[in-house]
Amino acid sequence: MFDNSSILVTGGTGSFGHTFIPMLLERYNPKRVIIFSRDEMKQWEMAKKFDGDSRVRFFIGDVRDRERLYRALDGVDYVVHAAATKIVPTAEYNPFECVKTNINGAMNLIDACIDKGVKRVVALSTDKASSPINLYGATKLASDKLFVSGNSYAASHNTRFAVVRYGNVMGSRGSVIPFFMSIKDKGVLPITDERMTRFMISLEEGVELVWHAFEDMEGGEIYVKKIPSMKVTDLGRVVAPDAKQEVVGIRPGEKLHEQMIGAEDSHYTYEYPEHFKILPAIHNWSADANRIKDGKKVAEGFVYSSDTNDEWMSEEALQAWIDANREKIGSI
């Protein structure tokens with residue numbers, strides 16, 4: 001699909017981009033891969049990794065800047081939208097800025113992609129967009145709705161939009177594993193709640209889900225990968241077996257468990273061997289055979305949550321993953 005094509009990644013200097021770009025270049029032979037982001041230093045550092053590869057381009061810009069997006073998308077075939085204000089406490093204390101990036105930025109990108117003739121767009125979402133309790137989750141739910149409806153908004157244009165949703169990315173910068181690793185020598189790990197659970201997905205699995213979405217989408221689908229769960233206390237025991245765990249309480253906007261599909265979505269959700277797919281409620285698209293394909297309708301009231309998950313990651317499996325990925329944990 002991506003051979004001899006032009007692909008743009010918004011927020012491309014983040015954790016997803018650092019994994020997506022090398023995997024894309026290894027598996028396919030794109031004409032251009034454009035990293036669109038607003039941090040020149042991150043672009044400078046990332047460019048060193050692709051020195052000499054003329055396919056990789058860097059474009060300074062912000063999704064808040066509609067005109068800059070129009071310029072960047074000239075001749076682009078596919079877009080992955082990874083740009084977002086993501087840190088929950090940051091969003092709680094800077095709500096206007098979060099809305100400008102996550103909602104206004106989504107609107108700018110949808111308009112620009114339609115007008116510039118982009119073929120397909122996949123937007124990255126989060127478990128926090130399902131039954132949101134914090135501003136970040138609320139803005140991402142709004143963003144998801146915008147990208148789903150973008151298929152109707154495109155009218156006679158050929159641009160199609162879909163969304164992928166996943167939970168805690170293992171080892172990504174700012175996530176719990178590198179955080180625990182950075183403080184384990186202090187002898188105490190802060191645990192917000194002993195009952196807390198999280199979904200566990202690698203960045204490579206996230207990239208594979210994005211590729212599947214590009215190949216499978218008709219427009220408006222939300223893809224949710226089946227992934228294991230883990231208790232945060234078990235995770236802490238693997239990272240720092242000798243450290244004491246101290247309960248400190250849930251932070252503002254933090255959930256006890258991650259949820260990726262809520263009961264209200266079950267009416268439109270179908271199950272597949274490796275993922276779920278939430279189909280659009282609008283235009284009766286949830287009954288469209290081309291979108292359903294070989295999916296099996298989930299039971300009414302079905303919820304996909306990290307505490308009631310059928311699959312759990314063992315401490316041994318997490319330790320094996322840490323041993324295999326130790327050098328890059330927390331670096332991207």
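The values are calculated or read from the model by the stated rules, or taken from the named source; none is laboratory data. Since we're looking at a predicted model, the values are computed, not measured. Using ideal geometry, Cβ is built from the backbone for each residue, glycine included, and neighbour counts are taken over all protein chains shown.
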Item to check | Matching residues in segment 291-313 - criterion: being surrounded by 10 or more Cβ atoms within 10 Å (Cβ to Cβ) and among the acidic types (Asp, Glu) | outcome: ASP307, GLU311
Checklist entry - Of (1) at pLDDT 95 or above; (2) more than 18 Å from PHE214 (Cα to Cα); (3) of a type outside the set (Ser, Thr, Tyr); (4) under 13 Å from the mean Cα position of the chain (by Cα), LYS86 satisfies all except one. Which? => result (1)
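Working only within segment 107-141, note down all residues that are over 22 Å from VAL169 (Cα atoms) and outside any loop (DSSP other than H, G, I, E, B). Spell out the reasoning first.
The first filter runs over segment 107-141 and keeps only residues over 22 Å from VAL169 (Cα atoms), leaving 107-120.
MET107, ASN108, LEU109, ILE110, ASP111, ALA112, CYS113, ILE114, ASP115, ARG120 - these are the residues of segment 107-141 that are over 22 Å from VAL169 (Cα atoms) and outside any loop (DSSP other than H, G, I, E, B).
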Checklist entry - ALA289 fails exactly one of the following numbered conditions: (1) without any contact (Cβ under 8 Å) to a residue 40 or more places away in the chain; (2) under 21 Å from LEU146 (Cα atoms); (3) small (Gly, Ala, Ser). What is the number of that condition? => result (2)
Checklist outcome for this item: Within segment 29-49, the residues that are over 16 Å from ILE7 (Cα atoms) and surrounded by 15 or more Cβ atoms within 10 Å (Cβ to Cβ) are ARG38, LYS42, GLN43, MET46, ALA47
Next on the checklist: Suppose we keep only residues that are within 14 Å of GLY137 (Cα to Cα) and within 17 Å of the chain's Cα centre (by Cα) within segment 92-105. Which one would you say is surrounded by the fewest Cβ atoms within 10 Å (Cβ to Cβ)?
Outcome noted: ILE103
Checklist entry - Is it the case that ARG68 is among the basic types (Lys, Arg), surrounded by fewer than 19 Cβ atoms within 10 Å (Cβ to Cβ) and part of a helix (DSSP H, G or I)? => result yes
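Report yes if some residue within segment 106-116 is farther than 25 Å from SER156 by Cα and buried (at least 18 other Cβ atoms within 10 Å of the Cβ); otherwise report no.
Here is the first cut: in segment 106-116, the ones farther than 25 Å from SER156 by Cα are none.
Among the residues of segment 106-116, not one is farther than 25 Å from SER156 by Cα and buried (at least 18 other Cβ atoms within 10 Å of the Cβ), which makes the answer no.
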Item to check | Odd one out for LEU141, checked against (1) touching a strand residue (DSSP E or B) at 6+ places or on another chain (Cβ under 6 Å); (2) at pLDDT 95 or above; (3) among the hydrophobic types (A, V, I, L, M, F, W, C) | outcome: (1)
Checklist outcome for this item: Within segment 1-21, the count of residues that are under 25 Å from THR85 (Cα atoms) and either free of Cβ contacts under 8 Å to residues at least 24 places away in the same chain or of a type in the set (Ser, Thr, Tyr) (or both) comes to 4
Next on the checklist: Whether any residue in segment 78-87 is crowded, with 16+ Cβ neighbours inside 10 Å and either touching a Pro at 6+ places or on another chain (Cβ under 8 Å) or hydroxyl-bearing (Ser, Thr, Tyr) (or both) is what I want to check.
Outcome noted: yes
